[in-house]
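The values are calculated or read from the model by the stated rules, or taken from the named source; none is laboratory data. Computed from a prediction, not measured in an experiment: that's the story for all the values here. Note: ideal-geometry Cβ built from the backbone for every residue, glycine included; neighbour counts use all protein chains shown.
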């Protein structure tokens, strides 16, 4: 009985404390309060978020729902440890919503570019809380315990998936996909399969034109979209977070490389595959040899300029410098693209070995010559330099070289870039 009397006051104190426990969101002083994740001043009412942890019941303020979710993940706090999550209704910027019951609509530029805005009711393009949370979490903020014990391959695939996901959301990817899909659509609409060039009609004619257009568009698209990979992350301070996680530099770098390759090669290949499927449905003969060789050439060219883009990105100290260097590289390679010019060099008694060397080193020229050799085996259109190449190497050997060399060059450039990336000060 005496023990019960001693416990009674303590129980009453706990009951009083519980009754007086605060709940709900607190007022945010805009342009003064700071986000607890990124430290930036909160200024946009339509995206603000507040969290109360069950342990301390203290309100934590964020300028973006993405920052709030990654703050929990970074500190290894599960949703079971969270008492309340409040998010502002983006339609008016005045009404607080229970985040777990709210819906999130993509679109618009949120303060930290996660791109989600909360709404009270479901609608077109809106997702629930769980889906939103999955899409805003970033591996670089992952709880160390969640990556502990994972192998290098797991972390590499995680980095690759991150890059693919971010690429698919980016505007450049939508434009990139629309360009290659639009090329095939226009070629079909204008009836290119009905025309004839050097005896080629049907799908072969369409693929020949598609591959030539891809040679002009693919390299510059890859370079411009890739050279910002390392330089932009360095400018944004991403590496400060990355170095605090148990993920090696190799897994991050090569994971980004693999993910970006998937992002840049997929639209090109799908467009060509759709053209082939359309040809089959239309009853046209399918030139499978051309299809597979063109696929190998496009894959090799993609790896080549992807590796060159990563090398430039590791060497440049800013994204602007990286983009300028990428454009100059592309322009330089174009200057040595014309084998007719090389033919003039031969007529001026320039060493044939020098002409062949220029032709075999420039990946754009290698790609172009191999693509043309499929429908013009004698390379009549390219003049005397082509005869020199065919006499020294042979058509089949040159095709093998064209499929292997650009990819090897790109991998070598990416390897040098990784060595530079690992050896320099990341922050």
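Observations on the model:
- Enumeration of residues in segment 95-115 that are out of contact with any helix residue (DSSP H, G or I) (no Cβ under 7 Å at 6 or more places or on another chain), part of a loop (DSSP other than H, G, I, E, B) and closer than 27 Å to residue 54 by Cβ: 95, 101
Let's see how each residue does on (1) under 30 Å from residue 142 (Cβ atoms); (2) touching a strand residue (DSSP E or B) at 6+ places or on another chain (Cβ under 9 Å); (3) in a helix (DSSP H, G or I); (4) modelled with pLDDT of 90 or more:
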{"residue": "5", "(1), (2), (3), (4)": "no, no, yes, no"}
{"residue": "10", "(1), (2), (3), (4)": "no, no, yes, no"}
{"residue": "13", "(1), (2), (3), (4)": "no, no, yes, no"}
{"residue": "21", "(1), (2), (3), (4)": "no, no, no, no"}
{"residue": "26", "(1), (2), (3), (4)": "yes, yes, no, yes"}
{"residue": "52", "(1), (2), (3), (4)": "yes, yes, no, yes"}
{"residue": "57", "(1), (2), (3), (4)": "yes, yes, no, no"}
{"residue": "69", "(1), (2), (3), (4)": "yes, yes, yes, yes"}
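- Taking (1) over 21 Å from residue 409 (Cβ atoms); (2) part of a helix (DSSP H, G or I) in turn, residue 265 satisfies each apart from (1).
- In segment 117-143, the residues that are within 19 Å of the chain's Cα centre (by Cα) and free of Cβ contacts under 8 Å to residues at least 60 places away in the same chain: 134, 135
- Check on residue 226, out of contact with any strand residue (DSSP E or B) (no Cβ under 9 Å at 6 or more places or on another chain), within 20 Å of residue 297 (Cα to Cα) and at pLDDT 65 or above: yes
- Residue 394 meets all of the listed conditions (1) buried (at least 18 other Cβ atoms within 10 Å of the Cβ); (2) on the phi > 0 side of the Ramachandran plot; (3) modelled with pLDDT of 65 or more but one, namely (1).
- Within segment 132-143, the presence of a residue that is more than 30 Å from residue 253 (Cα to Cα), in contact with a helix residue (DSSP H, G or I) (Cβ under 9 Å, 6 or more places away or on another chain) and at pLDDT 85 or above is excluded.
- The set of residues in segment 70-96 being buried (at least 21 other Cβ atoms within 10 Å of the Cβ), in contact (Cβ under 8 Å) with a residue 40 or more places away in the chain and over 14 Å from residue 118 (Cα atoms) consists of 70 alone.
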